[in-house]
Amino acid sequence: MKKYKLARPSINPELLGIIRREVKKQKIPVYRLAKQNLKEIADVCKAIEERGCPEYLVCKKLGRGLGRGIFLHPKAKPILKGQVIASYAGEITVVAQNEPDDDGDYAFAPLEDFRLNKSEQLFWDKKFSFHPRRLYALKLDAQKRGNFTRFINHSEKPNIYSEMLSIPSNRLGLAPAPIEIIYFAKKTIHPGEQLLISYEAGEKSYWKVMNIKPFPMTPRTFRLSSDNQIVKSI
């Protein structure tokens, strides 16, 4: 976990203008993060930078070749519906949209189907010569840099959901951002339960790219016991 202490996405300032332009051009409804959630994000960011994970969450190996999972500590207070979990953090870059991606296990594409002008292509896409109709996508990749959210597993019955929101100007030390993927509690998460989110690809596609046999999970498939050990419930 020490490697993954990036509180929020890492982005080149040169990209901000492109993002704002495309959000407006594509008429993408990106709402501002609510005022009451800004303090939650600020507190979680501080915890990530200091410890890698808020003290009420635990990262555990699941066994069975399933990698790691994130759990609510068995002695923690419940996480309430609508509470901020964290920003999905990683490195934000621009990639040619139809190029094969070998490192997409932990990647999102917050924006797609946009074009770059000649100077932008020269800066962001040195692999190809300029083409005015080439389509690009924004890539948010947590493969090499990110935070604990990259260990939140997939489920068809999740207790976490994501929203693409903007971070407005504030007095909490959070840099404003035109878009950010933020995880929230979909329902009350009880002590010992695993945090799970549903990826659009579904069960088979998700586990396939992870080179793992499809394994359906619910928040109670694996739990943390009172002594902080993994217990399989089914």
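The values are calculated or read from the model by the stated rules, or taken from the named source; none is laboratory data. In this text, all values refer to a predicted model and were calculated from it rather than measured experimentally. Please note: Cβ atoms are built from the backbone with ideal geometry, for glycine as well, and neighbour counts cover all protein chains shown. Each accessible area value is taken on the protein alone, full model and side chains, heavy atoms only, with ligands, DNA and RNA left out. Shrake-Rupley method; radii C 1.70, N 1.55, O 1.52, S 1.80 Å.
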Rounded percent of accessible protein surface that carbon and sulfur make up, segment 125-174, 1.4 Å probe: 49 percent
For the chain, calculated [θ]222 nm from helices alone, where every DSSP H run of n ≥ 4 adds -39500 (n - 2.57): -5500 deg cm²/dmol
The chain: most fluctuating residue of Ile182, Ile11, Ile160 per GNM, C-alpha cutoff 10 Å: Ile11
Segment 12-167: relative contact order in percent, alpha carbon pairs under 8 Å with at least 6 residues between: 28 percent
When each of Lys27/Lys118; Lys24/Lys186; Lys60/Lys126; Lys61/Lys127; Lys127/Lys186 is checked by Cα-Cα distance, pairs over 30 Å: Lys60/Lys126; Lys61/Lys127; Lys127/Lys186
Dipole of segment 1-113, positive end: most advanced residue of Gly17, Gly65, Gln83 [Cβ charges, Cα centre]: Gln83
Choice from Pro74, Pro168, Pro29 showing the highest fluctuation, given a GNM over the chain with Cα pairs closer than 10 Å: Pro29
Within a Gaussian network of the chain (alpha carbon springs, distance under 10 Å), most fluctuating of Leu174, Leu57, Leu195: Leu174
Compactness index (Cα Rg / 2.2 N^0.38 Å), segment 63-145: 1.55
Point-to-point label distance, Lys127-Glu112, nm (Cα→Cβ direction, 7 Å offset): 1.7 nm
Cβ charges +1 (Lys, Arg) and -1 (Asp, Glu), total dipole of the chain, debye: 380 debye
Kirkwood Rh and Cα Rg combined as Rg over Rh, evaluated for the chain: 0.98
Farthest positive-ward along segment 94-156 dipole, Cα basis, beta-carbon charges - from Phe130, Phe108, Val94: Phe130
Theoretical FRET efficiency, 1/(1+(r/R0)^6), r = Cβ-Cβ of Lys187 and Arg134, R0 41 Å, to 0.05: 0.45
